Amino acid sequence: MLKDSFRDLYLNKNFSKAKNFYICRVTNKELMLKGIYHSLTERKRLGKKSFAVLIDPDKVNDQNLEHLIALAVNAKVDYFLVGGSLVISNYLDECLQLIKKSCSIPTVLFPGSTAQVSRFADALLYLSLISGRNPELLIGQHVVSAPNVKKSGLEIMSTGYMVVDGGAPTTVSYISNASPLPADKNEIAMCTAMAGEMLGMKLIYMDAGSGAMRPISESMIEKVAQSIEVPLIIGGGITDPEKVYLNCKAGADVIVVGNAIEKDASLIKEMAAAVHSAGVGVL
């Protein structure tokens, strides 16, 4: 269990931190009762931006995961995305259980394959690669996984997944065996996102891929955001708080960061602050 539990914080008279820990837990439990998708759409309606930390189970262990969770709780991270393009270890279930035991930040599976389904998560991004022409990732793997996904009891969020050229080959591009969208073709991205929304996708996720040399441009984000009504998730190649802020101002509803935080976990606080400061309340 985390050393920074509510009880330990209170007993150590760290009342301010204990209060924040308690508020975060209560708020997230209230959101969970209505569902994660409801929380995403409600936050979008109110003009609030969300920050998600991406955790690859292959790249963490109990010790550094506990440290990461403590930082995330303190920074008021909104969601954990858990998964990866490969996930060759057997740590997925344990990873999710440790998060659930340590905090109330909602956990959402970001699966790279049909094997990455766990009942210990709260929800699952049911990804359909709408930017590519690989039928296996458009519908094929969904047909195979449907019975297990249905039995999992997870909240299922159909997601139009769009891979955008990040300037270098990435794992997601290799695994998907599909060409990414050109980084400078905003209209193609816009039309792809619109098609995904009209096909019934509840979310649109634009990703430059882990370790991308360049993140998705603000002009592309703005073009897409202005053309759809569902929440827009942006990830890949985001390495500093300024880019986080600019992406939110361009129209991103959720910012996902993984690789940069794997290298420097202390970025969580600044990035979360940048995301939350970019939100503008709407009545």
*Which links in K48/K151; K202/K263; K34/K150; K48/K223; K101/K269; K150/K202 stretch past 28 Å when you go from one Cα to the other?*
K48/K151; K202/K263
*Given Cα pairs under 8 Å that are at least 6 residues apart, what percent is the relative contact order of segment 35-278?*
20
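Within the chain, which complete DSSP H helices have Cα atoms spanning at least 20 Å along the helix axis and a mean Kyte-Doolittle hydropathy of -0.5 or higher? Write down the numbers at each step before the final one.
Working: long enough: 15-34 (29 Å, -0.27).
Those that clear 20 Å and a mean of -0.5 are 15-34.
I'd like the FRET efficiency for E155 and Q63, computed as 1/(1 + (r/R0)^6) with the beta carbon distance as r and R0 of 25 Å, rounded to 0.05.
Details: r = 30 Å, r/R0 = 1.19.
Working from the Cβ atoms, E equals 0.25.
Could you calculate the FRET efficiency of V144 with I175 from 1/(1 + (r/R0)^6), where r is the beta carbon distance between them and R0 is 22 Å, rounded to 0.05?
Details: r = 16 Å, r/R0 = 0.73.
Here the calculated transfer efficiency is 0.85.
Calculate, in nm to one decimal, what S266 and D240 gain on full extension: separation in residues at 0.36 nm each, minus their alpha carbon distance.
On the way: separation 26, 0.36 × 26 = 9.36 nm, distance 1.13 nm.
Full extension from S266 to D240 adds 8.2 nm.
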*Identify, among A260, L203, S50, the residue whose Cα sits farthest towards the positive end of the charge dipole of the chain, taking +1 on the Cβ of Lys and Arg and -1 on the Cβ of Asp and Glu, with the dipole about the Cα centre.*
S50
*Roughly speaking, what is the centre-to-centre gap between segment 46-82 and segment 154-189 when only Cα atoms are used, to the nearest Å?*
23
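How big is the charge dipole of segment 35-278 about its Cα centre, in debye rounded to the nearest 20, if each Lys and Arg gets +1 on its Cβ and each Asp and Glu gets -1 on its Cβ?
With Lys and Arg at +1 and Asp and Glu at -1, about 460 debye.
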*Return, ordered by residue number, the residues of segment 54-93 whose backbone nitrogen is under 13 Å from a label point located 7 Å along Cα→Cβ of R119.*
none
*Treating only the Cβ atoms of Lys and Arg (+1) and Asp and Glu (-1) as charged, compute the dipole magnitude of segment 164-281 about its Cα centre; round to the nearest 20 debye.*
80
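Taking only DSSP H segments of four or more residues, each worth -39500 (n - 2.57), what value at 222 nm results for the chain once the sum is divided by all its residues, to the nearest 500 deg cm²/dmol? Please report the intermediate quantities before stating the final value.
Values: 12 runs with 127 residues, N = 283.
The helix contribution divided over the chain gives -13500 deg cm²/dmol.
Where a number appears in this text, it was derived from the coordinates with a stated rule and is not lab data. From a predicted model like this one, the values you see are computed outputs, not experimental measurements. Backbone-built Cβ (ideal geometry, glycine too); neighbour counts: all protein chains shown.
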